[in-house]
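Right, one structure below, let's go through it.
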Amino acid sequence: MTRRRRLGLGCLLVLLLFLGAFGFSARRLLFPRRLAVVSIRTERSYQDPALMARAWEAPVARAYRPGFFSQPNGSICGPTSLANVRRSQGEAGASLDAVLSGSGLCPLDVCWGGLSLDALAGLHRRRGARVTVLRPMDLQGLRRELSHVDDPARRYVVNFDRGPLFGTEGGHHSPIGAFLADRDLVFVLDVNARYGPWLVATPRLLTAMNSVDRSTGRPRGLLRIE
């Protein structure tokens, strides 16, 4: 086989792998599996104006608000969450390029198949940050961790499956902006603009966090960033 032919076959193989990965990702994004779940959108607290206004007054939520931006495509919620974390910590120009630079992950700002919680933790550790992966947790443990959400020295990114919350299956990452302890509600700053920020009862969020990420075989969970 000539060198030119080997090169042509190699390029064809790369193209087929690319199209296969694209097709798999596209099917998951465009045709997610629907579950028999009552969506949290039906809850009065979901985007209740008074509760939302109160959540936005929490110190960490206020730090996120000025520079918060949404993910440019459905695969890159994890890096978008980290860029928003950095902006909330004072890096006004933090971008996807800054988060991904030198990592080799998500070429062309597309994360084929998405990133696992552990991969996201490793991505943020590259900049010297102290990052802890938390999984799985019972309700008491989650509430105990959420009691620190309003600490300006900490940030939390939650990894969950939308299925137990909205009835449409799909893994997702987003920052947590506040915890309304007296109402047992978590304020999720969803980086998907179609959802926007919303409030969810802690038990429902725990169920979504404890779902298994099929790419790793492990439960989802939280990143604690200090």
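Side notes on the structure shown:
- Three-way shape label, segment 88-181, alpha-carbon gyration tensor, a/c 1.5: oblate
- Taking Cβ atoms as reference points and 15 Å as the exclusive limit, the residues near residue 210 contribute a net charge of +2, counting Lys and Arg as +1 and Asp and Glu as -1.
- The tail of the calculated P(r) for segment 33-225 beyond 28 Å holds 17 percent of all Cα-Cα pairs.
- Shape category assigned to segment 52-94 from the gyration tensor of Cα positions, a/c cut at 1.5: oblate
- Label-to-label distance for residue 139 and residue 118 is 3.0 nm, based on points extended 7 Å past Cα in the beta-carbon direction.
- With contacts taken as Cα pairs under 8 Å and at least 6 residues apart, segment 33-225 reaches a relative contact order of 28 percent.
Each reported figure results from applying straightforward, stated rules to the coordinates on display, with no laboratory input. Owing to the predicted nature of the structure, the values given are computational and were not obtained by experimental measurement. Cβ coordinates were reconstructed from backbone atoms using ideal geometry, including for glycine residues, and neighbour counts include every protein chain displayed.
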